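For reference, the structure is listed below as structure tokens.
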Amino acid sequence: MAFANSAISDIIATTIQSRSKSIADNVTKNNALLARLNQRGNVKTFSGGSTIFQELSFAENGNAGFYSGYDLLPISAQDVISASEWSIKQLACPVVISGLEQLQNSGKEAMIDLLEARINVAEATMANRLAQSIYSDGTGSGGKEIVGLNAIVASTNTSGTVGGIDRATWTFWQNKKYDFSDNSLTPPFTAAQFQNGLNTLWASLTRGSDRPDFVVLDTTYWSNYTTSLQAQQRFTDPSVGNLGFPSLKFMDADVVLDGGIGGFCPANTGFMLNTKYLFMRPHKDRNMVSLSPNKRYATNQDAETTILAWAGAMTCSGAQFQGRIQN
């Protein structure tokens, strides 16, 4: 199929290709948790394989111990390293332009403006879908959605398999949970009740200097938290603010809102996270790029399509360090 201006028909794919890095960056900046993972260096690409393995330590080395003088030291083999396993999920958004639109926008600058607008929409759409999927349990879209916090930091935390590991068998893989209803508390919560819930969950997740660094709250819990604070306790962290997400503090963890207009955190829910053990793992060749450098033409339409695509998974190497608060 020939177009009136064949040079312009290449612009969709080349524009996406040239912008792929900035599109990927903008996707991470669209969500506070993704922005934190990127800031920590935990947005890590992988190069291939049928699944993604996330290495983890699940036990201490039993050879460690005190000794004196010429005591014999134990040197038995220790099984302390394993890995969680995550399926690769795919996300795509086609960008389409018709032959008529190419004729009507035949000037190069006009065409770029048109494509820029459509690519911006595709970029925003992809970013929102990933931000939403961060909270999924992996069953959406017929099981094609990424496995997110609703599975990794589950409401039912003592059963089910996530990342290939059975929580009922391996207690180290059970996230922590604080449920107000388990303590015979019903909303609206007093300031003391809400603070006690956060304090209790925090204590269960802290191991020396290894502790939660990021708390995500829905609109209701964000309101509960802000009203529970004294005025002089309300302060923000500039490093998070610079990413575009105003935050408060709980202990030394950033507390952010993922509610309001277009927020995706489940209602009446908060996540207390140690992002040291959370990762976003896009494929190095499928991280917000054009699916193919070749143009795709409809067989029975005067139209051209280029597909913006992503593939990867959200992974975890320490479920026991992640917490959920709910009612």
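The values are calculated or read from the model by the stated rules, or taken from the named source; none is laboratory data. Keep in mind that this is a model prediction, so the values were computed, not measured. Using ideal geometry, Cβ is built from the backbone for each residue, glycine included, and neighbour counts are taken over all protein chains shown.
Hey, does the stretch 136-148 have a residue that's assigned to a loop (DSSP other than H, G, I, E, B), in contact (Cβ under 8 Å) with a residue 12 or more places away in the chain and over 17 Å from the mean Cα position of the chain (by Cα)?
No, that holds for no residue.
Being at pLDDT 80 or above, within 31 Å of the chain's Cα centre (by Cα) and surrounded by fewer than 13 Cβ atoms within 10 Å (Cβ to Cβ): is that true of Val121 here?
For Val121, the condition - at pLDDT 80 or above, within 31 Å of the chain's Cα centre (by Cα) and surrounded by fewer than 13 Cβ atoms within 10 Å (Cβ to Cβ) - is met.
Only residues that are at pLDDT below 90 and within 26 Å of Ala131 (Cβ to Cβ): list them for the stretch 55-92, please.
Leu56
Any residue in the stretch 298-327 that's more than 23 Å from Phe53 (Cβ to Cβ): show its pairings with residues that are of a type in the set (Asp, Glu) and surrounded by fewer than 24 Cβ atoms within 10 Å (Cβ to Cβ) at Cβ separation under 6 Å, as long as the two are six or more apart or on different chains.
Every condition considered, the pairs that remain are Gln326/Asp179.
Name the pairs: first residue in the stretch 115-133 and within 17 Å of Ala32 (Cα to Cα), second residue among the aromatic types (Phe, Trp, Tyr) and not in a helix (DSSP H, G or I), Cβ to Cβ under 7 Å, at least 6 apart or on different chains?
Met126/Trp310; Ala131/Phe264; Gln132/Phe264
To keep it simple, each residue is scored yes or no on (1) modelled with pLDDT of 95 or more; (2) more than 30 Å from Val96 (Cα to Cα); (3) not charged (D, E, K, R).
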site	(1), (2), (3)
Phe279	yes, yes, yes
Asp285	no, no, no
Leu291	no, no, yes
Lys295	no, no, no
Thr299	no, no, yes
Asp302	no, no, no
Thr305	no, no, yes
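Just to verify a result, which residue in the stretch 245-300, among those that are assigned to a loop (DSSP other than H, G, I, E, B) and aliphatic (A, V, I, L, M), is surrounded by the most Cβ atoms within 10 Å (Cβ to Cβ)?
For the stretch 245-300, the residue satisfying everything is Leu291.
Kindly provide the set of residues from the stretch 124-154 that are of a type in the set (A, V, I, L, M, F, W, C) and surrounded by fewer than 20 Cβ atoms within 10 Å (Cβ to Cβ), ordered by number.
Ala124
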